[in-house]
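Trainee: If you scroll down you'll find the structure; I have some questions about it.
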Amino acid sequence: EVKLTISLRDGVSVVSQQYSHAPLKVMRPFQLADGSLLLQLLSAGPGMLAGDCYQIDIEVQPGASAVIVNQAASKVLTMPAGQSAEQHVTLTVAEGASLEYYPGTTLPYPAATLSQTITAQVSSDGALGILESWAMGRVARGELFEFTSLTSHTRVYQGSRLTYQDSLWLEPHRQQPSSWGLL
C-alpha cells in the first residue's frame, strides 16, 4: 500500500503526507526545474504474487505538480491455477494541480492473472496524464501470451461526469490472440 499527498509550499511541490507498506515503497523525491516533484514507486519484492493486493492512492493538492514513475517493469509472477493478484490505483488532482502517472511496463509471466483498476478524480482545471504499457510475455523465453488473464479498467471523472474510460481484458487461452487486433 502507498498513500501520497503532494502539496504546494512556497511555490514548490512537496510530499506533505506519505505512507507505504511493504512490499511497496517510495524513493526520495526529486525536485524538477519547474517546481514539480518526481517520485519513484518501488516494489521491494520480486514482483506481484498470487493473493497480492496493491493499493496506490495519490492526491495532488491545489497548485501542486507531480510526476510518478516505477523503478522498472512491474512483474506479475506465475501463479497457481485459480489464484490472482490485484492492483487498485486512485488518483486525485485538485484545482490548478497537475499529475503525470507513468507506471511503466507491466510484464505478466506464464499462468499469471492480474486485475487492475485506475480511478482518477480531476478538478475542472486540473491536468492528468496517464501512460500504461503492457508486455505480452517474455518473447525470448517463448512466453508470448502464456499468462492466464489481464484485466485493467481505467476511469477518469471530472466531478460526477465520466470523461474517459478504457478497459482491457485478455485471456489468451480462451481467445485467439490473433483476433485481438493491434496490441
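The values are calculated or read from the model by the stated rules, or taken from the named source; none is laboratory data. Just so it is clear, the structure is predicted and the values come from calculations on it, not from any experiment. Here the Cβ is made from the backbone with ideal geometry for all residues, glycine too, and neighbour counts use every protein chain on show. Each accessible area value is taken on the protein alone, full model and side chains, heavy atoms only, with ligands, DNA and RNA left out. Shrake-Rupley method; radii C 1.70, N 1.55, O 1.52, S 1.80 Å.
Trainee: Amide H to amide H, which residues 5 or more places from Ala64 or on other chains are under 5 Å from it, using H placed in the peptide plane?
Mentor: The list, which skips near neighbours in sequence, is Leu8, Ser98.
Trainee: How big is the dipole moment of the chain about its Cα centre under a simple scheme where the beta carbon of each Lys and Arg is +1, that of each Asp and Glu is -1, and everything else is neutral? Debye, nearest 20, please.
Mentor: Taking the Cα centre of the chain as origin, the dipole is about 320 debye.
Trainee: Continuing with the same structure: HN-Hα J couplings of region 50-66 from phi, Karplus 6.51/-1.76/1.60, θ = phi - 60°, integer Hz, Gly and Pro as x?
Mentor: 3, x, 5, 9, 8, 10, 10, 10, 10, 10, 10, 7, x, x, 7, 9, 9
Trainee: Can you find, among Gly129, Thr163, His88, the residue sitting farthest towards the positive end of the charge dipole of the chain, where Lys and Arg contribute +1 and Asp and Glu -1 at Cβ?
Mentor: About the Cα centre, the residue reaching furthest to the positive side is His88.
Trainee: Please give the charge dipole size of region 99-183, origin at the Cα centre, charges +1 on K and R Cβ atoms and -1 on D and E Cβ atoms. Round to the nearest 20 debye.
Mentor: Here region 99-183 has a charge dipole of around 140 debye.
Trainee: Return the carbon/sulfur percentage of the accessible area of the chain, one whole number, probe 1.4 Å, all protein chains in place.
Mentor: Taking all protein chains in place, the chain shows 52 percent carbon and sulfur surface.
Trainee: Of the listed values [x] 1.08; [y] 0.96; [z] 1.31, grab the one calculated as Cα Rg over 2.2 N^0.38 Å from the structure here.
Mentor: [x]
Trainee: Report, in whole Å, the centroid distance computed from the Cα atoms of region 8-87 and region 98-133.
Mentor: Taking the Cα centre of each part, region 8-87 and region 98-133 sit 11 Å apart.
Trainee: By accessible area of protein heavy atoms, probe 1.4 Å, what ranking do Val139, Val76 get, highest first?
Mentor: Val139, Val76
Trainee: Something else: Just the accessible area for Lys25, please: 1.4 Å probe, Å², rounded to the nearest 10?
Mentor: Estimated to the nearest 10 Å², Lys25 gives 100 Å².
Trainee: Sticking with this structure for a sec: So for Arg161, Arg174, what's the accessible-area order with a 1.4 Å probe, most first?
Mentor: Arg174, Arg161
Trainee: Step through the residues of region 87-104 one at a time and calculate ³J(HN,Hα) from phi using the Karplus curve (6.51 cos²θ - 1.76 cosθ + 1.60, θ = phi - 60°), rounding each to whole Hz and writing x for Gly and Pro.
Mentor: With the stated coefficients, region 87-104 comes to 9, 10, 10, 10, 10, 10, 10, 7, 3, x, 9, 9, 9, 10, 10, 10, x, x Hz.
Trainee: Apply the Karplus curve 6.51 cos²θ - 1.76 cosθ + 1.60, θ = phi - 60°, to the phi angles in region 32-46 and return the couplings in whole Hz, x for Gly and Pro.
Mentor: Per residue, the Karplus-derived 3J(HN,Hα) values read 8, 4, 8, x, 6, 10, 9, 10, 10, 8, 10, 10, 6, x, x Hz.
Trainee: Using a 1.4 angstrom probe, figure out how much accessible area the chain has per residue, in square angstrom, rounded to the nearest whole.
Mentor: 52 Å²
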